[in-house]
1. Taking every pair of distinct Cα atoms and averaging 1/r, then inverting, what Kirkwood hydrodynamic radius in Å comes out for the range 105-171?
2. Considering Cα pairs under 8 angstrom that are at least six residues apart, work out the relative contact order of the range 123-178 and quote it in whole percent.
3. What angle do you read, to the nearest 10 degrees and between 0 and 90, between the alpha-carbon axis of helix 168-178 and the longest principal axis of the chain?
4. Can you list, by residue number, the Cys in the chain that have no neighbouring cysteine C-beta under 4.7 Å?
5. Report the convex hull volume per residue for the range 78-133, counting only C-alpha atoms, in Å³.
6. At VAL117 and HIS164, where each label point lies 7 Å from the Cα along Cα→Cβ, what is the point-to-point distance in nanometres?
7. Report the full-extension gain for the segment VAL52 to LYS154: residue separation times 0.36 nm, less the Cα-Cα distance, to one decimal in nm.
8. Provide the net charge surrounding PRO158, with neighbours chosen by a C-beta distance below 14 Å and charges set as Lys +1, Arg +1, Asp -1, Glu -1.
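Each value in this text was obtained by applying a stated rule to the coordinates, not by laboratory testing. Since the model is a prediction, treat every value here as computed from it, not as a measurement. FYI the Cβ positions are ideal-geometry reconstructions off the backbone, even for glycines, and counts take in every protein chain you see.
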Amino acid sequence: FSAWDRAMSRAIDKYHFNSYRLKIPGLGGGTFHARTQPKLLGFGEETPHYQVLFNSYCAQLEQHIRKKGWLDEAFIYWFDEPSPDQYPFVMNGFKKLKRACPGIARMLTEQVEPGLVGGPNLWCPLSSQYDHQQAQQRRQHGEKFWWYVCTAPKAPYPGLFIDHSAPELRIWLWQTYQRGI
């Protein structure tokens with residue numbers, strides 16, 4: 001961890017980063033377009049070799065960043081905007097992460113959906129898909145929320161788009177504060 005620790009110390013202590021993404025080898029991943037299957041050093045997830053390597057790596061990583069005081073800033077983001085038919089695959093990955101490194105936040109770019117509850121503990125829906133009542137319920141379970149604007153949403157939601165009125169970006173920041181995001 002020595003080279004990584006130097007870079008992280010600089011990022012967090014000097015530049016005051018308040019979050020960072022961890023890549024977990026062997027997890028697989030994907031988007032709503034396609035996915036890659038879990039494989040670690042040539043071993044598929046069904047093999048005992050994979051399970052030992054994956055669990056050991058995740059546990060050592062979590063232990064190290066906890067010792068360094070960087071655990072609260074870490075998150076794992078490994079799948080982007082899954083479609084409902086991909087939820088079982090995504091939940092399989094989240095269950096492995098929850099077992100192997102339960103203290104590291106598990107982020108997903110998706111709104112709260114019944115088929116995903118129990119997987120991510122850091123939800124990041126499109127701003128138009130954010131439901132404050134659902135978020136308040138999930139917060140009672142210790143879950144957190146971010147949100148984002150991508151190529152959507154368009155009006156009447158605030159965004160970053162040049163064809164929207166200029167104050168919208170400021171409105172979005174106030175909404176973020178108002179909703180505890």
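1. Values: mean 1/r = 0.0784 Å⁻¹.
It is 12.8 Å.
2. Across the range 123-178, relative contact order equals 32 percent.
3. It works out to around 60 degrees.
4. CYS124, CYS150
5. So the per-residue Cα hull volume is 80 Å³.
6. Distance between label points: 3.0 nm.
7. 32.1 nm
8. +1
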